[in-house]
Amino acid sequence: MPGVLSMRIARICINLIFDDSSVFGQYAAAARRHEKDSLMLQKYRHVIWDWNGTLLDDAWLCVEILNEILCARGKRPITHRRYMEEFGFPVKDFYERIGFDFSDEPFEALARDYIGKYDARCRECTLHDRALDVVRRCKECGIEQSVLSAYHRQRLEGMLDFFDLRPLFARVVGLDDYHAHGKIEQGVRLVAESGFDSGQAVLIGDTIHDHEVAQEAGADCILFAGGHYLEQRLRSCGVPVVSSLGQLLKM
């Protein structure tokens, strides 16, 4: 009898653990998902994150500010879709495509106006859904992480501090001006200084320029279709495209 009773108790315990509707089962299921996700993230030793549009959900704000500037100069506003169809680097070329005339007002003046308005409101933005989960999971897995952005470096550091993200990144690389001309040179240097071999680093961004940076730096690239570009534009690069950052936990 004692042996039969022990076996019954053991079966009950096993059922509790694997029944996801029980409290024990929920904890066990979460642990299994955590282990699975962690193993899938360990393909790389260095993850390089773009900031604007990738970790930070700010495309909506950029459209609002651009339309405010356009309307103040008597020009037609743009839709969010057109913004995602036209946006690109260098930003100066993008400004021309949506109607700014630099013979009337120099690009540098427009850039100052834009960045002043952006800096005043950028803390209205939130991180993209699951962004913090993915960054924390990378940290738990011992994967080194960096941020590479065309945003001004000091402002970038301030935003990372605002979201309590700075301790999660080994390196933070931004620009020293507000012209957003691109970040290829900075990306190549970042990958070289990290010391990891080709194929051990991946750049995760939301623009074709991020793919260009990754190619020049010798890193893999994953593009996120929830930022500043339409998904169809990103797919032309021929690299993996995700519609949610949560998908990175399953890759």
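Taken together, the values in this text are just the output of simple stated rules run on the coordinates, not laboratory data. This is a predicted model, so every value here is computed, not measured. Methodologically, a virtual Cβ is constructed for each residue, glycine included, from the backbone with ideal geometry; neighbour enumeration extends over all protein chains shown.
In table form, for the structure just shown:
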{"read-out": "Rg and Dmax [Cα atoms of the range 59-123; Å; Rg one decimal, Dmax integer]", "value": "11.0, 33"}
{"read-out": "Cβ-based exposure ranking for I48, I204, in which fewest neighbours within 10 Å come first", "value": "I204, I48"}
{"read-out": "Cα shape, the range 68-183, gyration tensor, a/c 1.5 rule", "value": "prolate"}
{"read-out": "Cα-Cα separations in the range 122-251 greater than 24 Å, expressed as whole percent", "value": "25"}
{"read-out": "Amide H contacts under 5 Å for H152, placed H, 5+ residues apart", "value": "L175"}
{"read-out": "C221 long-range amide H proximity, modeled H, under 5 Å", "value": "L203"}
{"read-out": "Cross-link partners of K183 among lysines (Cα-Cα below 21 Å; sequence separation of 8 or more within a chain)", "value": "K92"}
